[in-house]
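What follows is a short report on a single structure.
The values are calculated or read from the model by the stated rules, or taken from the named source; none is laboratory data. All figures in this text were calculated on a predicted structure; none of them were measured in a lab. Because the Cβ atoms are built from the backbone with ideal geometry, glycine has one as well, and the counts that use them run over all protein chains shown.
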C-alpha cells in the first residue's frame, strides 16, 4: 500500500511461448531460474530509498538512472541559490526529474535554499576551500533529508578526477561529515561514456541548457585539490554549521514529480 492506494510492481516478466522455440526443458527451467533470481535481487533493494544529489548538469541524472536500474526508489536533493541562480535553473532541474520518471518512477525533489550558506562561506573561509566546504554542507543537508525519508545511502554524480572537488582527497573530505554510505555509480567512467548514457535516457539536451546552478556560484580561481580533513574542519569551524543547516532545512520545498 502507498498513500492508502494499492501499488502493484512487476519485477520480472516471462516472455510468451514461441512455437519455434527449440529449447529443452532444462534450458527453459534455467531461464526461469535466472529471471526469478534477478527478480528477488531487485525486490531486495526496491523498497530502500536513496538520497540523490540532482543538479542541472549531465552527470547526476545519469547517476540517478544507474541506481534506478537496481530497482531502488530515489529521493532527489537539489540546492538552489537565488538570486545567483534563477527560477529557470530550478525549472530545468524539475524538467530533468520529469525526464527520469520513465526509469525511476514517481519522484520527490527536495529543493534546499543554499544562498545563505554560500555567502557565509565566501565571507569567512579561504577562497581555495570554498567548494570543499560547500560540498560538506551539501552532504550534511542531504543526510538530514535522507534521515527523514529513511534513505539508506546517498548518491552523487561524482567522477574521479573530473574536477578539482573530485580528487580522491577531496572526495574523502566531502564525505567526512556523513554517516551514510556515499554511492558514486559514475566514479570510473569518462565523460564520453556519461554523455552517451545521457543521450540514451533523454536528459542530455536539457542538461546542456545554459542555466547556472549553485555549484558555479563563487567558484574559486585556484581550488584546493589535495585537502586534509583536519584542516578543512578547522577552517569551517568559524561558521555556525548547525544553525545554517537548520535554516536551510526550514526553507526546503518539496516538489512531487509524477509519471
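Quick look at the values:
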item: Every residue from the range 164-186 that is part of a loop (DSSP other than H, G, I, E, B) and without any contact (Cβ under 8 Å) to a residue 40 or more places away in the chain; result: 178, 179, 181
item: The range 238-259, residues that are in a loop (DSSP other than H, G, I, E, B) and surrounded by 10 or more Cβ atoms within 10 Å (Cβ to Cβ); result: 238, 239, 240, 251, 252
item: Set 190, 147: member being under 20 Å from residue 248 (Cα atoms) and surrounded by fewer than 18 Cβ atoms within 10 Å (Cβ to Cβ); result: 147
item: Any pair with Cβ under 9 angstrom, 6 or more apart, that starts in the range 71-93 at a residue that is at positive phi and ends at one that is surrounded by fewer than 22 Cβ atoms within 10 Å (Cβ to Cβ) and part of a helix (DSSP H, G or I); result: 71/41; 71/42; 71/43; 71/44; 71/45; 71/46
item: Test: residue in the range 67-88 that is in a helix (DSSP H, G or I), modelled with pLDDT of 95 or more, touching a helix residue (DSSP H, G or I) at 6+ places or on another chain (Cβ under 8 Å) and crowded, with 24+ Cβ neighbours inside 10 Å; result: no
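For (1) closer than 17 Å to residue 133 by Cα; (2) modelled with pLDDT of 90 or more, each residue gets a yes or a no:
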| residue | (1), (2) |
| --- | --- |
| 204 | no, yes |
| 208 | no, yes |
| 213 | yes, no |
| 223 | yes, no |
| 233 | yes, yes |
| 241 | yes, yes |
| 249 | no, yes |
| 254 | no, yes |
